[in-house]
Structure formats: structure tokens, C-alpha cells
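Rule-based calculations on the coordinates, nothing more; no lab input. Note that the structure is a prediction, hence the values are computed from the model and not measured. Every residue, glycine among them, receives a Cβ derived from its backbone with ideal geometry; neighbour counts consider all protein chains shown.
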Amino acid sequence: MTMTTTSSHVTAPVSAAFRPALADDAAPLAAFAERTFRVQFGPHNTASDMDAYCAAAFGPSQQRGELADPARRTTLVTLDGRLAGYAQLRSGPPPAFVVGDAPIELVRFYIDHPWHGRGLAQSLMAHTLELARQGGARTLYLAVWDRNDRAIAFYTRQGFVLVGTKDFTLGTDRQVDHVMARAL
């Protein structure tokens, strides 16, 4: 895929490839997922809470299990053969306040920091929306930390609206996530 971004950071076309994650991707995805999570949330949380959460959420065995789960679809985006981001959809019962038809959850959506503000997130989101539609979903919802203003602004620009809140536990710290949804 070729995309042209309108950001002041990049004006030339950027070549990005989207593909489903495979079992062999578990170890590199685990390392990437943990690193991007720590970059985003580490400065705002204690090291012990970050360590506890990352140990449970991002190890290679955890990623292998998620990649093998038929209720999940993980997409990798690469630039010049290097992992630059990923998104993960998960089928299952939504929270009661997600009322749209045929909902699916966007569980994870991360772009590596060097690519922030360059249009890659918009391209990955467009790809993810299309995958959700192709899978029969009519509503996409996600949870985002209520203090992650940058992500909330991005999701709002992508058509998501606040529909509720839920607790999220990071290590021993109980936090609040906004749940946002949009029609597909």
C-alpha cells in the first residue's frame, strides 16, 4: 500500500504493508507490544505496576495464545520489512452500554513512536475498519485510558464517541478507561 501523508513531518509517499499476524510473529510481536506499551504508559505509572502488567500481557506465550485464538484477528503493519504497528480485533460479548449492531472490540492499536503524526495510524485504522466490516461487524468499540488525551483525540477524529467507562487494572493500580464506539 502506498499512502501520502499530509503531516508537516512527512510529505513523500510511505510504503506500508498490512498483513495478518502468524504464529511465528509471537516473539517479535511480544517484544514490540511491550516496548510500545511501556513508552506510552511507563512515564505515568509505577515501574512495579508496569512490570506486573507487561509480564501478564505481553510475553511470547501470551502472544502465541492470542494469535491462535479464533476470536481474535491481529494485523501487523510493516515499513521496509520492520514492524511499525499493530491492531487486534476481538469478538465476544460487549459491555451492556455498547448498543450498536454486531459489535467487535478493537483490543489493541499501537503505532511505534517514530511514526506518530505521520499518517500511519489513520491508514491502520482504515484497514482495521475494513477488516471488521468484512467480518460482519457493524459496530466497533474500544477502551482507552481516560488520561490518554492524544489517543482520545485520535479516536474522536476517527468517528468514535464516548459510550461508557470501565475499570482497568494496571498491576495494583485501578484506573478508568473510556469506552468509545462507532458504527461501521
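When the helix-only estimate is applied to the chain (DSSP H runs of n ≥ 4, each -39,500 (n - 2.57), divided by the residue count), what is the mean residue ellipticity at 222 nm, nearest 500 deg cm²/dmol?
Working: 5 runs with 60 residues, N = 184.
Rounded to the nearest 500, the figure is -10000 deg cm²/dmol.
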Given 0.36 nm per residue, what is the gain on full extension from Asp167 to Ala27 after removing their alpha carbon distance, in nm? 47.5 nm
Would you mind checking region 41-65 for residues with the amide N under 20 Å from a putative spin-label position 7 Å along Cα→C-beta of Arg35? 41-44, 50-64
Which percent of the Cα-Cα distances in region 78-151 go past 14 Å? 64 percent
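For region 5-113, report the translational diffusion coefficient in µm²/s to the nearest whole number, using Stokes-Einstein at 25 °C, 0.890 mPa s, and a Kirkwood Rh over Cα pairs. Before the final figure, lay out each step's value.
On the way: Rh = 15.5 Å.
It diffuses with D of about 158 µm²/s by this estimate.
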Would you mind ranking Asp112, Asp69, Asp167 by Cβ crowding within 10 Å, fewest neighbours first? Asp167, Asp69, Asp112
Check Thr165: other-chain or 5+ apart residues with amide H under 5 Å from its amide H, H built from backbone geometry? Val179
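Quick one: longest stretch of the chain between exposed loop trypsin sites (Lys or Arg not before Pro), exposed meaning at most 15 other C-beta atoms within 10 Å and loop per DSSP?
1-137
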Would you calculate the separation in nanometres between label points at Asp80 and Val107, each defined as 7 Å from the Cα along the Cα-to-beta-carbon direction? 3.2 nm
Using only Cα atoms, locate the centre of region 33-51 and the centre of region 66-93, then give the distance between them in Å, rounded to an integer. 20 Å
Take the alpha carbon atoms of region 117-184, find their radius of gyration, then divide it by 2.2 N^0.38 Å using N residues; give the quotient. 1.20
Matching label for the computed Rg/Rh (Cα atoms, Kirkwood Rh), out of (1) 1.10; (2) 0.98; (3) 0.94, is (3)
Cα centroid of region 95-116 to Cα centroid of region 127-168, whole Å: 4 Å
Counting Lys and Arg as +1 and Asp and Glu as -1 over every other residue whose Cβ sits under 15 Å from the Cβ of Asp80, the net charge comes to +2
Averaging sequence separations of C-alpha pairs under 8 Å and six or more residues apart, then dividing by the length of the chain, give the relative contact order as a whole percent. 20 percent
Karplus-derived HN-Hα couplings along region 76-93 (A = 6.51, B = -1.76, C = 1.60, θ = phi - 60°), whole Hz, x at Gly and Pro: 9, 10, 10, 10, 6, x, 10, 4, 10, x, 7, 9, 9, 9, 9, 7, x, x
Residues whose built amide H sits under 5 Å from the amide H of Arg108, excluding neighbours closer than 5 in sequence, are Gln88
Compare the Cα positions of Thr46, Tyr86, Val107 along the charge dipole of region 4-114 (+1 at Cβ of Lys, Arg; -1 at Cβ of Asp, Glu; about the Cα centre) and return the one farthest towards the positive end. Tyr86
